[in-house]
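Worksheet: the structure to be examined is printed underneath.
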Amino acid sequence: MKKKQIITNDKKYIMNTYKRFPLIITRGKGVFVYNENGRKYLDFFSGIAVDNFGHCPPQVVKAIKEQAGKLMHTSNLYYTEPQVKLAEYVSGISSGGKVFFSNSGAEANECAVKLARKWGRTKKSGAYEIIVFKNSFHGRTIGTLSATGQSKYKKEFAPMLSGFKQAVFNNLSSVKKLAGRKSCAVLVEPVQGEGGINIADRDFMAGLYRLCRNKGILLIVDEVQSGMGRTGKFLAYQHYSAKPDVITMAKAAGGGLPLGITIASGRAAGVLSYSDHASTFGGNPVCVAAGLAAIKLLNGKLLKNVNTTGSYLIGKLKELKKEYPALIAEVRGIGLMVAMELINSKSNIKGNDLVSKCLEEGVLINCTQDKVIRFMPPFIIGRKDIDTVINVLRKILKRRK
Ligand SMILES: Cc1ncc(COP(=O)(O)O)c(C=O)c1O
């Protein structure tokens, strides 16, 4: 199909829920994706933190091919070896908990919410309230939208589920005010992704952990975006002195294929039992085999690269901020989850315009919250790739000074 026809038919046959950029991606390899003419683009967004190991990592492709040739699907009414292997691996490098497999971040969080509600009903006299945070993002199902702390995503779909109470991120006293007899869980992203790369303070996370322990409240960390090494550790909570009862993962967890993971440990481990929850495709053998191959790539050397290249990227963006103090408000980040916040003013370049201009120059980045430029490149990038992106940004900002 020609480019024009793809775009025309996309508009005709696919619901208009995405604002697509005028780029057709036909293949990807390593840190690059390619359009239909073979033009290459440096991918600094990794399909929203999914292609953490680059595009089509050979080990993951091999695992997918092997598993697809053996067994592509069976129901969860039977045992399968890939599920057991991945569950053991994930559990071993996180909280030592038990795993439920699903297909997406929203579903991983739905499982956590159901677990928390059952915990409250059976262990805390019917407590059902879940404390969530302003600016958070937990998914697009009605349940996870209800948990999400941004009204712009919810307003067309009211009423939301009841029982979600919003506290202020990095403000422990706002949580203390809400934590009570009716609270069964706190649900928090250690690094708010869609909300603009807002990093939890050390004291805040440690305080949340203590509060949850003292008040018989489950601590759920949503690591859908921040997990799988994105912040320089396997899971972002591992930077803090906080031990969650429940962890949710997705995005990069399936090595590029759809996979959601909910891990419940300690007092939360045995809460969900027979017939409480299920998913036809959850833990699909091919997705799980891909996830296992991907997670094995996450060795010390690669995590070190996340930290060193992350610091290099942040340093270079801070240099840009010095050059353009009237355009850039702040640079922040952890590992390779990095943000450059623009100053919103009439005359300044808008976030989405900057993203479009970068695309014209062959670089994929993203803008969230209208003014926060988000960089989440694959972990295999080098300093040369960062320099390329910085030069492109500099060229665009120079024009808009
Ligand atoms: C922190 C977080 N939780 C949940 C989700 C929802 O994941 P999915 O789109 O796979 O349902 C996202 C997606 O961006 C996310 O960033």
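Every read-out reported here was derived from the displayed coordinates using simple, explicitly stated rules and does not represent laboratory data. Just so you know, these numbers come straight off a predicted model, no measurement behind them. Methodologically, a virtual Cβ is constructed for each residue, glycine included, from the backbone with ideal geometry; neighbour enumeration extends over all protein chains shown.
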Q) What value does the chain have for Rg/Rh, both radii from Cα atoms and Rh as Kirkwood defines it? A) 0.97
Q: At a Cα cut-off below 24 Å, give the lysines reachable from Lys155, other chains included and same-chain residues fewer than 8 away excluded.
A: Lys19, Lys114, Lys134, Lys165, Lys371
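Which loop-located trypsin sites (Lys or Arg not before Pro) does region 308-382 contain, where loop means any DSSP state but H, G, I, E or B and the Cβ has at most 13 other Cβ atoms within 10 Å?
Passing both the DSSP loop test and the Cβ count: Lys346.
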Q | Reference-scaled alpha-carbon Rg (2.2 N^0.38 Å with N residues) for region 182-281 | A | 1.11
Q | region 294-346 - Debye-derived log10 I(q)/I(0), Cα point model, q = 0.24 Å⁻¹ | A | -0.85
Q) Can you list the lysines whose alpha carbon is less than 28 Å from that of Lys62, not counting same-chain residues fewer than 8 positions off? A) Lys29, Lys40, Lys70, Lys85, Lys98, Lys233, Lys251, Lys296, Lys301, Lys304
Q) What does the helix-only formula give at 222 nm for the chain: each DSSP H stretch with n ≥ 4 adding -39500 (n - 2.57), the total divided by the residues, and the result rounded to the nearest 500 deg cm²/dmol? A) -11500 deg cm²/dmol
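If you wrap region 58-295's Cα atoms in a convex hull and average its projection over all directions, what's the area in nm²? Numbers along the way, then the final one.
Details: hull surface 49.7 nm².
So the Cα hull casts an average projection of 12.4 nm².
Can you give the convex hull volume per residue for the Cα atoms of region 205-361, as a whole number of Å³?
Values: hull volume 29.4 nm³, N = 157.
Looking at region 205-361, the number lands at 187 Å³ per residue.
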Q. What's the FRET efficiency of Ala206 with Arg267 using the Cβ-Cβ distance as r and R₀ = 25 Å, to the nearest 0.05?
A. 0.85
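Counting only other residues whose beta carbon sits under 12 Å from that of Ala63, what net charge do I get with K and R as +1, D and E as -1?
Spelling it out: positives minus negatives among the neighbours equals +4.
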Q | Built amide H within the under 5 Å cut-off of Asn366, gap 5+ | A | Arg374
Q) Given the Cα-Cα distance of Lys11 and Leu178 and 0.36 nm per residue of separation, how much length would full extension add, in nm? A) 55.6 nm
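What ranking, highest mean first, results for peptides 190-196, 86-92, 160-166 when packing means the other Cβ atoms within 10 Å averaged over each residue? Each step should come with its number before you reach the end.
On the way: 190-196: 23.3, 86-92: 17.6, 160-166: 16.0.
Descending mean neighbour count gives 190-196, 86-92, 160-166.
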Q: Before anything else, pin down the relative contact order of the chain: Cα pairs under 8 Å, at least 6 apart, normalised by residue count, whole percent.
A: 21 percent
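Is there a quick way to get the dipole size of region 58-295? I mean about its Cα centre, with the Cβ of Lys and Arg at +1 and of Asp and Glu at -1; what is the value in debye to the nearest 20? Don't skip to the end; give the middle numbers.
Numbers: 30 positive and 15 negative charges, 161 e Å.
With Lys and Arg at +1 and Asp and Glu at -1, about 780 debye.
Can you give the Kirkwood hydrodynamic radius for region 231-305, in Å, rounded to one decimal and based on Cα pairs? Present the calculation step by step, with values, prior to reporting the outcome.
Values: mean 1/r = 0.0710 Å⁻¹.
So the Kirkwood estimate lands at 14.1 Å.
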